[in-house]
Amino acid sequence: MAGKEATVYILDLGTSMGQKRHGREKSDLDWAMEYVWDKITTTVATGRKTALMSVIGVRTDDSDLAGIMDVDEGYENINVFSPLKQWLLPDIRRLQGVVKPSATNNGDVMSAVAVAVQQIDAATTGTTGKPLKFDRRIIIVTDGRGSLDTGDMDAITSKIKDYDPPVEVVLLGVDFNDADSGYKEEDKDTTKVENETILKEFVENCNGNFGTLAEAIEQLGIPRIKETRPTPSYRGTLTLGDTEKSQATITIDVERYPCTMVAKPPTASSFVARTDLGGLGETQSSNTIVGDEDVPMDGQLSAVRNQRVYQVDNPDDPGEKMNVEPDDLERGFEYGRTAVHISESDANVVKLETAASLQLVGFIQAEKFERFLPMSRTNFIVPQKTNAEAQLALSSLIHALFEAECYAVARLVVKQDKAPLMIVMVPHITPSYEALVEAELPFEEDVRRYKFPPLDKKLTVSGKIITEHKDLPNAELTQAMSDYVDAMNLSEYDKDDEGEPTEYAKIEDTYSPLLHRVNQIIRWRATHSDPTLPLPDPPQILTRFSEPPSDLIQQTEQQLAALKKAADVKKVPPKTKGRGKRSRADRDKPLSGLDIDALLGNPKRIKIDANNLVPSFKQALAATDDLEAIQEAADAMAAQIRTLVRNSVGDSAYGRALEALRVMRDELTELEEPEIWNVFVREFKSELIGGKLGGDRREMWWKVRGSKYGLIDRKRCFASDVTEEEAAQFYK
């Protein structure tokens, strides 16, 4: 669980902040708010109720201290826009409406700091008067062009340093001089020079941090790594030997903490338009519950609640479903494609009763361990806190494994009655700590063994080994590939600060584009509600490793050309689109240019044979690309299907008819002529249900419906005019 924090932003809104300087397209205030909005939205996105924020404006047109203190002399033109609280999206929207350059330059930044300290003191002090455990922070954003009252600066500094830990003061100056970055603003007026010196001295006395706004905004593109407080997933003993049957055992008190964790982008939530609380309107979903706790924004939306319903086939009404209660269901498990039913009584008999434990079962040589075996994220096994005996014992085990170059294999049960896991534990030693890094190992059923033919030879049926073949790389191709791989080596492509070769794209310099891009867009959209605005480009730090370095590609052009020549690489002709995909002229045209069918006198149209229905239909479509001929073949196929159903004794011919329907539907879909099929299947359905094909043929319709041989929709074929909803409605 993350700790509590209280952050107060002090924004300079004087008239001078509304000007555009040094060739920037934005005013100083808009430029500064890029940083402020990013910090605020990042905090809001965490959803933590213990992350309190407040915004105070200085050099504002009016004065409002929100009851923190009286507006006495020296505290004019200070406005507390928000008390310290958890911020939500409506708070961001309200702040957007008030953060604007004022019409005055009156107002004191140091007085605003005093108000912020007073606000933090009131919000982070308990009922007993003792300060609560909070991370306190004040962030000041100013251009230093207003007046400063330094009379109470020492008292404010002393108050800030009295907290444990002290209040962190951060100063971001607009166009402030910075010796570290080498920036110096020319033609600076004397007031700003004096204010810069005073503010920097104040921050230094508070042991705070100073930085220029340009430097802060430049670092916004660097993704922020989320730090989480580790939570133990196992607290118990690490044992070697049977502690119940023998005394010659080793027992060490240990704890298990996560080492690596998969970071996933935030998931979307579903909301509906909130209706009148007096009753459910027509737009209210039946599975949506409206209440004050469900309103995520300003009362306009309501969260969607899902209701799960279990249905089975109704034996009294074929083709219809009936609802069943969850208590009437039995559990089943997938084994391949088969559902294996296990009753509750049988499950209790075979259920393995386990107790929380971590038992060593053996050791393996590090060099014999296959790196593809770990199946899970990794965890740390560390000694129990404040247990010196456990620390010494586990350290001895870790060093023994390290010196013997061995890994430990153990059986882990995290909680009582949990399924046991087999894990491997690897010694990890650093100057600051020692631990065992563990990962889950597969059981026999988790392993899939596949056999592949060798890449350097071929085996004939008679057992002869062939090393030279058109499908095998020759010595020239192997050498060309080796040279190209060496030329594209990135292990020493980059340069460090001293100009020495170093690794390119280090793991600590790479970030997940999916995760951080989604978070970036969420933060941006929170402050830009206009849906017509184009999304900003992703930061360069997320995309710089998406392609090989351009200069490296230029350096390896010679090796790549040699590789293409050795591999005899040829350009593959593009695939034809539309009806031409099955065009006989393009598909069957020989290299000689001769039309074999024309020379042999093969007909362009083939008659559909009832005794050879499916092959003759495929041959009829393959013999032509004329739409009229395709329609004629489809009509003939449809007539034969109707004949099969009409002449069927019971359901004896339904199987052949279903196979013919499947082939006809698939072929017309591939030809991108879904309308021919859709016209036929609509007529076919009405004939089956209406008894026009030799009596009651509704059972055939249930088979067609169960096989999903209905309309071809746009999802299956882009040329179709039928929507997915219409296709689903067709089965009803």
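Yes or no, residue by residue, for (1) touching a residue at least 40 places away in the same chain (Cβ under 8 Å); (2) over 28 Å from residue 627 (Cα atoms):
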{"position": "644", "(1), (2)": "no, no"}
{"position": "649", "(1), (2)": "no, yes"}
{"position": "660", "(1), (2)": "yes, no"}
{"position": "672", "(1), (2)": "yes, no"}
{"position": "700", "(1), (2)": "yes, yes"}
{"position": "731", "(1), (2)": "no, yes"}
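When residue 218 is tested against (1) within 34 Å of the chain's Cα centre (by Cα); (2) modelled with pLDDT of 90 or more; (3) not hydroxyl-bearing (Ser, Thr, Tyr), exactly one condition is not met: (2). Within the option set 427, 383, being without any contact (Cβ under 8 Å) to a residue 60 or more places away in the chain and in contact with a helix residue (DSSP H, G or I) (Cβ under 6 Å, 6 or more places away or on another chain) holds for one residue only, 427.
Evaluated against (1) surrounded by fewer than 21 Cβ atoms within 10 Å (Cβ to Cβ); (2) in contact with a Phe, Trp or Tyr (Cβ under 8 Å, 6 or more places away or on another chain), residue 81 falls short on exactly one condition, (2). Would you mind listing the helices (runs of 4 or more DSSP H) fully within region 670-732 where at least 2 residues are of a type in the set (S, T, N, Q)? Ranges flagged: 674-689.
The rows are residues; the columns are (1) touching an Asp or Glu at 6+ places or on another chain (Cβ under 9 Å); (2) assigned by TED's automatic domain parsing to the domain that holds residue 101; (3) touching a residue at least 12 places away in the same chain (Cβ under 8 Å); (4) surrounded by fewer than 14 Cβ atoms within 10 Å (Cβ to Cβ).
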site	(1), (2), (3), (4)
35	no, yes, yes, no
39	no, yes, yes, no
49	no, yes, yes, yes
53	yes, yes, yes, no
65	no, yes, yes, no
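Considering every residue within region 432-449, establish whether at least one is within 24 Å of residue 567 (Cα to Cα) and among the aromatic types (Phe, Trp, Tyr).
Here is the first cut: in region 432-449, the ones within 24 Å of residue 567 (Cα to Cα) are none.
Scanning region 432-449, I find no residue that is within 24 Å of residue 567 (Cα to Cα) and among the aromatic types (Phe, Trp, Tyr), so the answer is no.
The set of residues from region 364-380 being of a type outside the set (A, V, I, L, M), surrounded by fewer than 17 Cβ atoms within 10 Å (Cβ to Cβ), in contact (Cβ under 8 Å) with a residue 24 or more places away in the chain and not in a loop (DSSP other than H, G, I, E, B) comprises 365, 367.
Once region 240-262 is narrowed to residues that are exposed (fewer than 14 other Cβ atoms within 10 Å of the Cβ) and of a type in the set (A, V, I, L, M), the residue that is farthest from residue 361 (Cα to Cα) is 262. Taken over region 471-508, the criterion of being basic (Lys, Arg) and surrounded by 11 or more Cβ atoms within 10 Å (Cβ to Cβ) is satisfied by 495 alone. Helices (runs of 4 or more DSSP H) fully within region 559-666 that include at least 1 residues being modelled with pLDDT of 85 or more, at negative phi and assigned by TED's automatic domain parsing to the domain that holds residue 692: 613-622, 627-646. Of everything listed in (1) in contact with a Leu (Cβ under 7 Å, 6 or more places away or on another chain); (2) at pLDDT below 75; (3) of a type outside the set (Phe, Trp, Tyr), the single unmet condition for residue 252 is (2).
Determine if region 467-479 includes at least one residue that is outside the structural domain of residue 423 (by TED's automatic domain parsing), of a type in the set (Ser, Thr, Tyr), on the phi < 0 side of the Ramachandran plot and under 37 Å from the mean Cα position of the chain (by Cα). Outline the logic, then answer.
So in region 467-479, the residues outside the structural domain of residue 423 (by TED's automatic domain parsing) come out as 467-479.
Those left that are additionally of a type in the set (Ser, Thr, Tyr): 467, 478.
From what's left, on the phi < 0 side of the Ramachandran plot: 467, 478.
The next check asks that each one be under 37 Å from the mean Cα position of the chain (by Cα); those that pass are none.
The answer is no; no qualifying residue exists.
For residue 172, are the conditions met, namely being in contact (Cβ under 8 Å) with a residue 60 or more places away in the chain, in the same structural domain as residue 45 (by TED's automatic domain parsing) and within 36 Å of the chain's Cα centre (by Cα)? Yes: the conditions hold for residue 172.
When restricted to residues that are within 22 Å of residue 65 (Cβ to Cβ) and among the small types (Gly, Ala, Ser), region 1-49 contains 2. For region 46-74, the tally of residues that are at pLDDT 90 or above, in a loop (DSSP other than H, G, I, E, B), touching a Leu at 6+ places or on another chain (Cβ under 8 Å) and not basic (Lys, Arg) stands at 1.
Check whether at least one residue in region 441-461 is surrounded by 10 or more Cβ atoms within 10 Å (Cβ to Cβ), modelled with pLDDT of 90 or more and among the aliphatic types (A, V, I, L, M), and report yes or no. Scanning region 441-461 turns up at least one residue that is surrounded by 10 or more Cβ atoms within 10 Å (Cβ to Cβ), modelled with pLDDT of 90 or more and among the aliphatic types (A, V, I, L, M). Here is the figure for region 456-471: residues that are in a loop (DSSP other than H, G, I, E, B) and either touching a residue at least 12 places away in the same chain (Cβ under 8 Å) or not aliphatic (A, V, I, L, M) (or both) total 11.
The residues in region 321-352 that are part of a loop (DSSP other than H, G, I, E, B) and either surrounded by 10 or more Cβ atoms within 10 Å (Cβ to Cβ) or modelled with pLDDT under 85 (or both) can be counted, and the count is 8.
In the set (1) outside any helix (DSSP H, G or I); (2) in contact with a helix residue (DSSP H, G or I) (Cβ under 9 Å, 6 or more places away or on another chain); (3) farther than 30 Å from residue 517 by Cβ; (4) free of Cβ contacts under 8 Å to residues at least 60 places away in the same chain, the condition left unmet by residue 82 is number (3).
This table checks each residue for (1) assigned by TED's automatic domain parsing to the domain that holds residue 475; (2) among the hydrophobic types (A, V, I, L, M, F, W, C); (3) without any contact (Cβ under 8 Å) to a residue 40 or more places away in the chain; (4) assigned to a loop (DSSP other than H, G, I, E, B).
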| position | (1), (2), (3), (4) |
| --- | --- |
| 396 | no, no, yes, no |
| 401 | no, yes, yes, no |
| 409 | no, yes, no, no |
| 412 | no, yes, no, no |
| 417 | no, no, no, yes |
| 432 | no, no, yes, yes |
| 435 | no, yes, no, no |
| 439 | no, yes, no, no |
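The values are calculated or read from the model by the stated rules, or taken from the named source; none is laboratory data. Please read all numbers here as calculations on a predicted model, not as lab measurements. Positions of Cβ are generated from backbone atoms using ideal geometry, with glycine treated the same way; all protein chains shown enter the neighbour counts.
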